[in-house]
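Q: This is the structure I have questions about; it appears just below.
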Amino acid sequence: WQGNIDFKKLKQSNVEFAYVRVGRREKIHGDLIEDDRFKEYITGLNKVNIPVGIYFYSKASSMEEAKEEVKWIINKIKKYNVDLEIVIDWENWESYQEYNLSFYHLTEIAKTFTKEVEKKGYQSMLYSSKYYLENIWYPVNTNIWLAHYTDHTNYEKSYKVWQLCNNGKVSGIEDNQVDIDIRYESS
């Protein structure tokens, strides 16, 4: 989404970390597809020593597919420095009925993904909006990346990263419309 990036300018702008999308599942039961700019972005961030996490836009509909996604991700990232979490980003709410899943089973899929990530020696995380974290997801026993576009979040549970907007401006990003995240652990 960010277009061309000047990684040296990112470092000079005091960017402290970044999450890079490694890929996505094309559709329900679909192929796993590497992001067009994954290698470019992770290589650039690694060169300027900005800590990197990975996220995957999942459309897993079973625990087997979640395991398949993690295996695929690990294969794609093994030659890069990944300092932060590997994140499952499941946002297919507009076609949720097609999955024939309960919210419990969806949560079990996310748990499978995060457990597989941790078995491989990485930290895991679930990305979701405040609404879905409060109303859909059961506890997943992993780090949370909260998406809540506001100046002051009133999300009451624990989270490690807060995405507070998607229209930020950062020197070094050509498009200059970027997600802004704060990384910390809330209590």
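Q: Where residues in the stretch 19-44 are among the small types (Gly, Ala, Ser) and farther than 14 Å from ILE86 by Cβ, which of them is modelled with the highest pLDDT?
A: Only one residue tops the list, namely GLY44.
Q: Still on this structure: Looking at the stretch 51-62, I want the residues that are among the polar types (S, T, N, Q) and have a partner that is open to solvent by 30 Å² or more (accessible area, probe 1.4 Å) with Cβ atoms under 7 Å, at least 6 apart or on another chain. Which pairs are those?
A: SER61/ILE28; SER61/HIS29; SER61/LEU101
Q: Just one of LEU126, LEU133, LEU84 is within 26 Å of THR150 (Cβ to Cβ) and touching a helix residue (DSSP H, G or I) at 6+ places or on another chain (Cβ under 6 Å); which is it?
A: Result of the check over LEU126, LEU133, LEU84: LEU126.
Q: Separate question: Taking interchain pairs and intrachain pairs at least six residues apart, which have beta carbon atoms under 9 angstrom, with the first residue in the stretch 122-136 and within 26 Å of ILE74 (Cβ to Cβ) and the second of a type in the set (Asp, Glu) and part of a strand (DSSP E or B)?
A: What qualifies is LEU126/ASP89; TYR127/ASP89; SER128/ASP89.
Q: Is it true that LEU45 is closer than 21 Å to VAL170 by Cβ and touching a residue at least 24 places away in the same chain (Cβ under 8 Å)?
A: Yes, satisfied.
Q: Still on this structure, I have one more. From LEU101, LEU84, LEU106, which residue is open to solvent by less than 60 Å² (accessible area, probe 1.4 Å) and in contact with a Gly (Cβ under 7 Å, 6 or more places away or on another chain)?
A: Just a single option satisfies the conditions, and that option is LEU84.
Q: Of the numbered conditions (1) in a helix (DSSP H, G or I); (2) modelled with pLDDT of 95 or more; (3) polar (S, T, N, Q), ASN81 fails exactly one; give the number of that condition.
A: It fails just one condition, (1).
Q: Does the stretch 14-32 contain at least one residue that is exposed (fewer than 14 other Cβ atoms within 10 Å of the Cβ) and not in a loop (DSSP other than H, G, I, E, B)?
A: The answer is no, given that none of the residues of the stretch 14-32 is exposed (fewer than 14 other Cβ atoms within 10 Å of the Cβ) and not in a loop (DSSP other than H, G, I, E, B).
Q: If you don't mind, another one. Looking only at the stretch 159-176, count every residue that is open to solvent by 70 Å² or more (accessible area, probe 1.4 Å) and either within 23 Å of VAL87 (Cα to Cα) or touching a residue at least 40 places away in the same chain (Cβ under 8 Å) (or both) and tell me the total.
A: Residues that pass the stated criteria total 4.
The values are calculated or read from the model by the stated rules, or taken from the named source; none is laboratory data. These numbers were taken from a predicted model, which means no experiment stands behind them. For neighbour counting, all protein chains shown are included, and Cβ atoms are generated from backbone atoms with ideal geometry for every residue, glycine included. We work out accessible area using only protein heavy atoms, side chains counted, and drop any ligands, DNA or RNA first. Shrake-Rupley method; radii C 1.70, N 1.55, O 1.52, S 1.80 Å.
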